[in-house]
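Working notes, beginning with the structure itself.
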Amino acid sequence: MIYLDNAATTLPKPSSVCRAVQSAMIAAGNPGRGSHRAAASAAEILYDAREEAAALFGLDDPTGVVFTMNATHALNLAIKSTLHGGGHAVISGYEHNSVLRPLEMMENVAYTAAHSPLFDENAAFDAMTEAVREDTTCMICTHVSNVFGFVLPVMRLDDFCAERGIPLILDASQSAGSLPIDVSRFKAVTFVCMPGHKGLYGPQGTGILLCCKETELHSLIEGGTGSGSRDPRQPDRLPDVFESGTANVHGVAGLLEGLRFVRRCTPRAIGEKENALTERLADRLDGVRGVTVYRGAGRHGPLSLTSDRVLSEELCARLAVRGFCLRGGLHCAPLAHESAGTLEEGAVRVSPGWFSTPREIDLLAAAVREETS
C-alpha cells in the first residue's frame with residue numbers, strides 16, 4: 001500500500017501515538033469524576049494536551065483549548081456560538097461542507113459564498129471583503145483549500161475584520177501541523193478549528209477548537225462537566241461550556257503524542273517536505289497528455305489533478321487496485337470545485353505526509369501516465 005491520502009487522515013501514525021492510546025486504555029479513568037489515581041491520570045492527560053496545543057499555536061491560556069470529535073464538531077461549535085442570535089456570514093468560495101451545511105441548517109442566518117479564481121489571493125480577498133454587509137455577523141475562511149491547496153489571505157482578512165469589529169472563524173483543517181500558526185498574531189480570529197487526526201498525527205475521533213478571544217459563548221450540547229454540579233445550567237467558562245460528557249481520554253492521549261511529534265519535527269519542516277513531494281509529482285506529470293495538474297503560486301499541501309480521458313473517481317479506483325490510496329470526487333467541498341470549474345468531474349487529490357517518500361511519488365506518476373494513456 002502506498003498511502004497518499006493524508007489530507008483525509010494521516011497514516012501511519014507515529015509509534016508513540018499508538019503506545020499512548022494503549023496506555024490510556026489500561027490506566028486512565030474518567031477525568032473530573034473522582035479523586036482516585038485513574039481519574040487523576042485522565043485529568044493529567046487532558047491538561048498536558050491542552051498545554052501542548054497552546055504552546056504549539058501560541059495560545060496564552062490552555063483552558064482555551066477545547067477537545068472535540070473532529071474539525072466538523074469544532075466548526076459547528078464556533079459557528080453556532082457566534083451566530084447564536086442569527087445574522088449574516090461571509091465565507092470563502094473554498095469552504096468545506098463542515099462550514100456550508102451548518103449555515104444552511106441555521107434559522108435566521110444568511111450567508112454569502114464569495115467565489116474567486118483558483119490561486120488568486122487578491123481576488124479572494126476582494127471577493128470576501130466586498131461581500132460584507134451592514135448586518136454581517138462573522139466571516140469564516142479556510143486557511144488552505146482541502147482540494148487544491150490554495151492558501152487564502154488569512155492575515156489580510158484578519159486585519160480587515162479587526163478594523164470593522166467582525167469576528168473571524170478560521171478552519172485550519174489542512175494547515176494545522178504543516179504551517180506555522182501563531183494565534184497571538186491574530187486580531188479578529190475568535191476561533192480556530194482543526195482535526196486531531198490529520199496534520200497533528202493523532203487518532204480519529206479527535207479535534208481541537210482554539211478559543212482565541214473573549215466573546216459570549218453558547219453551548220451546543222449540555223450535560224455533565226465534572227464541575228459546578230449543583231447548577232442546573234451549563235457552565236459558561238472554558239473549556240467546560242463546550243465539553244459535556246466523558247472526554248475521549250484515550251484519543252486525547254494519542255493526540256498529545258501527535259502534538260509532541262509535530263513540535264519536534266516543526267510544522268515548517270513537515271510542510272516543506274509535503275510540498276517538495278507534491279511539486280515533484282507535478283513536475284513528473286508536466287506535459288502528460290490529457291492530464292491537468294492544479295498548481296499555482298502559494299499552494300500548500302494537497303495537489304489535485306484531472307484527466308480528460310478518465311473520470312476522477314474511476315482513476316482513483318484503478319490506482320487503488322495498484323495499491324495507491326488517493327481520493328477522487330468532490331472531497332465534501334463542492335464550493336471549491338465550483339470556484340475552480342471542476343464541479344462536474346471532481347478531481348483526484350494526492351496528499352503526502354511526513355512518512356511519504358520520493359520513490360512513492362515517482363511510482364504514482366508512472367501509474368498515472370499508464371492509466372490515462
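The values are calculated or read from the model by the stated rules, or taken from the named source; none is laboratory data. Since the model is a prediction, treat every value here as computed from it, not as a measurement. Counting neighbours? That spans all protein chains shown, and the Cβs are built from the backbone with ideal geometry, glycine included. To get the accessible areas, we keep the full protein, side chains included, count just its heavy atoms, and leave off ligands, DNA and RNA. Shrake-Rupley method; radii C 1.70, N 1.55, O 1.52, S 1.80 Å.
Can you pull out the residues in the stretch 150-166 that are open to solvent by 40 Å² or more (accessible area, probe 1.4 Å) and within 22 Å of ALA53 (Cα to Cα)?
Across the stretch 150-166, the qualifying residue is only MET155.
For GLU274, all conditions in the list (1) more than 30 Å from GLN22 (Cβ to Cβ); (2) crowded, with 22+ Cβ neighbours inside 10 Å; (3) out of contact with any helix residue (DSSP H, G or I) (no Cβ under 9 Å at 6 or more places or on another chain); (4) not hydrophobic (A, V, I, L, M, F, W, C) hold save one; what is the number of the exception?
Tallying (1) more than 30 Å from GLN22 (Cβ to Cβ); (2) crowded, with 22+ Cβ neighbours inside 10 Å; (3) out of contact with any helix residue (DSSP H, G or I) (no Cβ under 9 Å at 6 or more places or on another chain); (4) not hydrophobic (A, V, I, L, M, F, W, C), GLU274 fails exactly one: (1).
Residues to consider are GLY86, GLY64; find the one that is out of contact with any Phe, Trp or Tyr (no Cβ under 9 Å at 6 or more places or on another chain) and in contact (Cβ under 8 Å) with a residue 60 or more places away in the chain.
Sole residue among the options that is out of contact with any Phe, Trp or Tyr (no Cβ under 9 Å at 6 or more places or on another chain) and in contact (Cβ under 8 Å) with a residue 60 or more places away in the chain: GLY64.
Given the conditions (1) modelled with pLDDT of 95 or more; (2) farther than 26 Å from GLY85 by Cα; (3) part of a loop (DSSP other than H, G, I, E, B), which single one is not true for MET155?
(3)
Checking the condition farther than 24 Å from HIS143 by Cα and free of Cβ contacts under 8 Å to residues at least 60 places away in the same chain, which residue from ARG237, ARG264, ARG233 passes?
Values: ARG237 fails: free of Cβ contacts under 8 Å to residues at least 60 places away in the same chain; ARG264 fails: farther than 24 Å from HIS143 by Cα.
The unique qualifying residue is ARG233.
State yes or no: is ARG289 open to solvent by 10 Å² or more (accessible area, probe 1.4 Å), part of a loop (DSSP other than H, G, I, E, B), within 15 Å of GLU371 (Cα to Cα) and among the charged types (D, E, K, R)? Give the derivation first.
Details: open to solvent by 10 Å² or more (accessible area, probe 1.4 Å): yes; part of a loop (DSSP other than H, G, I, E, B): yes; within 15 Å of GLU371 (Cα to Cα): yes; among the charged types (D, E, K, R): yes.
Spelling it out, ARG289 is indeed open to solvent by 10 Å² or more (accessible area, probe 1.4 Å), part of a loop (DSSP other than H, G, I, E, B), within 15 Å of GLU371 (Cα to Cα) and among the charged types (D, E, K, R).
Need a quick list: helices (runs of 4 or more DSSP H) entirely within the stretch 26-120 having at least 3 residues that are within 17 Å of LEU238 (Cα to Cα), open to solvent by less than 40 Å² (accessible area, probe 1.4 Å) and aliphatic (A, V, I, L, M).
Numbers: elements: 37-57, 71-82, 97-105.
The qualifying helices (runs of 4 or more DSSP H) are 37-57, 71-82.
Within the stretch 167-189, track down each residue that is crowded, with 24+ Cβ neighbours inside 10 Å and in a strand (DSSP E or B).
LEU168, ILE169, LEU170, ASP171, ALA176, VAL189
Among residues belonging to the stretch 296-323 that are without any contact (Cβ under 8 Å) to a residue 40 or more places away in the chain and either in contact with a Pro (Cβ under 8 Å, 6 or more places away or on another chain) or not in a helix (DSSP H, G or I) (or both), point out the one that is nearest to TYR3 (Cα to Cα). Can you show your working first?
First, the residues of the stretch 296-323 that are without any contact (Cβ under 8 Å) to a residue 40 or more places away in the chain: 308, 311-314, 316-317, 320-321.
Checking the rest, the ones that are also either in contact with a Pro (Cβ under 8 Å, 6 or more places away or on another chain) or not in a helix (DSSP H, G or I) (or both) come to 308, 311.
On the way: ASP308: 24, LEU311: 21 Å.
Here the answer is LEU311.
Kindly evaluate PRO334 against the criterion of being closer than 22 Å to HIS96 by Cβ, of a type outside the set (Val, Ile, Thr) and either out of contact with any helix residue (DSSP H, G or I) (no Cβ under 8 Å at 6 or more places or on another chain) or crowded, with 23+ Cβ neighbours inside 10 Å (or both). Even if it seems obvious, please write down each step before you answer.
On the way: closer than 22 Å to HIS96 by Cβ: yes; of a type outside the set (Val, Ile, Thr): yes; either out of contact with any helix residue (DSSP H, G or I) (no Cβ under 8 Å at 6 or more places or on another chain) or crowded, with 23+ Cβ neighbours inside 10 Å (or both): no.
Spelling it out, it is not the case that PRO334 is closer than 22 Å to HIS96 by Cβ, of a type outside the set (Val, Ile, Thr) and either out of contact with any helix residue (DSSP H, G or I) (no Cβ under 8 Å at 6 or more places or on another chain) or crowded, with 23+ Cβ neighbours inside 10 Å (or both).
Without any contact (Cβ under 8 Å) to a residue 60 or more places away in the chain, within 21 Å of ALA336 (Cβ to Cβ) and more than 20 Å from the chain's Cα centre (by Cα): which single residue out of ALA131, ALA162, ALA124 fits that description?
Details: ALA162 fails: within 21 Å of ALA336 (Cβ to Cβ); ALA124 fails: more than 20 Å from the chain's Cα centre (by Cα).
Sole residue among the options that is without any contact (Cβ under 8 Å) to a residue 60 or more places away in the chain, within 21 Å of ALA336 (Cβ to Cβ) and more than 20 Å from the chain's Cα centre (by Cα): ALA131.
Collect the residues in the stretch 347-373 that are in a loop (DSSP other than H, G, I, E, B) and buried (at least 23 other Cβ atoms within 10 Å of the Cβ), keeping them in residue-number order.
Just the residues of the stretch 347-373 that are in a loop (DSSP other than H, G, I, E, B), to begin with: 347, 352-357, 373.
Those that are in a loop (DSSP other than H, G, I, E, B) and buried (at least 23 other Cβ atoms within 10 Å of the Cβ): ALA347, PRO352, GLY353.
Which condition breaks for PRO203 when tested against (1) at pLDDT below 95; (2) crowded, with 22+ Cβ neighbours inside 10 Å?
(1)
Residue pairs, Cβ under 6 Å, 6 or more apart or interchain, first in the stretch 178-193 and of a type in the set (Gly, Ala, Ser), second part of a loop (DSSP other than H, G, I, E, B). List them.
So the pair list comes out as SER178/GLY199; SER184/GLY58.
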